[in-house]
Amino acid sequence: MRFFTFYIGETIMTAKNNPLMDKSKAFAIQIVELSRYLSSEKKDFTLSRQILRSGTSIGANLAESKGVQSLADFISKQTIALKEAYETRYWLELLLEARMIHQPWHDQAQKMLSEIIAMLNASIMTAKRNLATSTAPIQDKTPPDQSNNAK
């Protein structure tokens, strides 16, 4: 098994230094609150569950991308998070047009979501560029094969 450390510019991305993870978690908390509101005040359970699933899945996929085994796997997890963000955007628009949420709340959520989408797109593009130029794994910590050393 290989372990990788991902670098973005000069910075190692960690839980304490990850604005994308921070924004996605703050967004997920807003979505949880929205879901509660839709369930209790609007008595809507279908749309409430849909936006809860997609809106919280963004951060969940980002969290999962911390444990990837390759750069391609990292790109895949980030791309899934991006797809969930686009789905959440759709649900927010639908809720606004169905007059289930107010314009100011919608605008605030869409602004935050647009920032997350921009950050995800930048992260994916950087990772794809790194994958295309990579010729060797980053920090390969695979132990040497002892059977080949005996020759």
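Quick note: the coordinates plus some simple rules give every number you see, no bench work behind them. None of these values were measured; they are calculated from a predicted model. Quick reminder, even Gly has a Cβ in these numbers, built from the backbone with ideal geometry, and neighbours come from all protein chains shown.
Against the test of being farther than 15 Å from LYS25 by Cβ and within 8 Å of the chain's Cα centre (by Cα), the options LEU47, LEU82 yield a single qualifying residue, LEU82. When we screen SER76, SER65, SER48 for residues that are without any contact (Cβ under 8 Å) to a residue 12 or more places away in the chain and closer than 27 Å to PRO19 by Cα, the only hit is SER76. Of all residues in the range 107-137, those that are surrounded by fewer than 17 Cβ atoms within 10 Å (Cβ to Cβ) and either in a helix (DSSP H, G or I) or touching a helix residue (DSSP H, G or I) at 6+ places or on another chain (Cβ under 8 Å) (or both) total 19.
Scanning the range 22-51 for residues that are assigned to a helix (DSSP H, G or I), among the aromatic types (Phe, Trp, Tyr) and in contact with a helix residue (DSSP H, G or I) (Cβ under 7 Å, 6 or more places away or on another chain) turns up just one, PHE27.
When MET112, MET119, MET125 are checked against the criterion of being free of Cβ contacts under 8 Å to residues at least 60 places away in the same chain, under 25 Å from LEU20 (Cβ atoms) and under 22 Å from the mean Cα position of the chain (by Cα), a single residue qualifies: MET125.
Among the residues of the range 87-104, is there at least one that is touching a residue at least 24 places away in the same chain (Cβ under 8 Å), over 19 Å from ALA26 (Cβ atoms), among the polar types (S, T, N, Q) and assigned to a helix (DSSP H, G or I)? Within the range 87-104, not a single residue is touching a residue at least 24 places away in the same chain (Cβ under 8 Å), over 19 Å from ALA26 (Cβ atoms), among the polar types (S, T, N, Q) and assigned to a helix (DSSP H, G or I).
Yes or no, residue by residue, for (1) aliphatic (A, V, I, L, M); (2) surrounded by 15 or more Cβ atoms within 10 Å (Cβ to Cβ):
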position	(1), (2)
ASP22	no, no
PHE27	no, yes
ARG36	no, no
GLU41	no, no
ILE51	yes, yes
THR56	no, yes
GLY59	no, yes
